[in-house]
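Everything on this sheet refers to the single structure shown next.
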Amino acid sequence: MEEKVMSIGTVCDLTGLTERQIRYYEEKKLIFPVRSKGGARKYSFEDVERVKEINGKLRDGFHTFELRKAGRACCE
């Protein structure tokens, strides 16, 4: 597993998504950032790719429960 070192702002810059969208994916248990001692979310490059895949599938008409049910396979 890759080291999780990126902030949510960096993920926004790399994906073109908003912080709210990324937090929503976490809320729906589609991604799992770690928290720093200060409580900030931290992401890996693997997470960034997963976020892009999730966003694409949602735009294609999938629902979050379908992606969660499929687990990691949805984004590989």
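The values are calculated or read from the model by the stated rules, or taken from the named source; none is laboratory data. None of these values were measured; they are calculated from a predicted model. Here Cβ is always computed from backbone atoms with ideal geometry, including for glycine, and neighbour counts include all displayed protein chains. With ligands, DNA and RNA removed, areas are computed over all heavy atoms of the protein, side chains included. Shrake-Rupley method; radii C 1.70, N 1.55, O 1.52, S 1.80 Å.
Stretched out straight at 0.36 nm per residue, the stretch from Glu3 to Ala40 would grow longer than its current Cα-Cα span by 11.8 nm. Here the sum of -39500 (n - 2.57) over DSSP H runs of 4 or more residues, divided by the residues of the chain, equals -15000 deg cm²/dmol at 222 nm, to the nearest 500. Among Asn55, Val11, Ser36, which residue has its Cα furthest toward the positive end of the charge dipole of the chain, with +1 on Lys/Arg Cβ and -1 on Asp/Glu Cβ? After comparing all options, I get Ser36. Sequentially through segment 19-26, phi angles give Karplus couplings (6.51, -1.76, 1.60; θ = phi - 60°) of 4, 4, 4, 5, 5, 4, 4, 5 Hz, Gly and Pro residues having no value and appearing as x.
Here the accessible area of the chain is 50 percent carbon and sulfur, with a 1.4 angstrom probe and all protein chains present. Each Lys and Arg Cβ is given +1 and each Asp and Glu Cβ -1; about its Cα centre, the chain then shows a dipole of about 360 debye. With contacts taken as Cα pairs under 8 Å at a separation of at least 6 residues, the chain carries a relative contact order of 33 percent. The ellipsoid that matches the Cα gyration tensor of the chain has semi-axes, each √(5λ) in whole angstrom, of 20, 13, 11, with the longest given first.
Here the extension length gained between Arg68 and Thr10 equals 18.5 nm, from 0.36 nm per residue of separation less the Cα-Cα distance.
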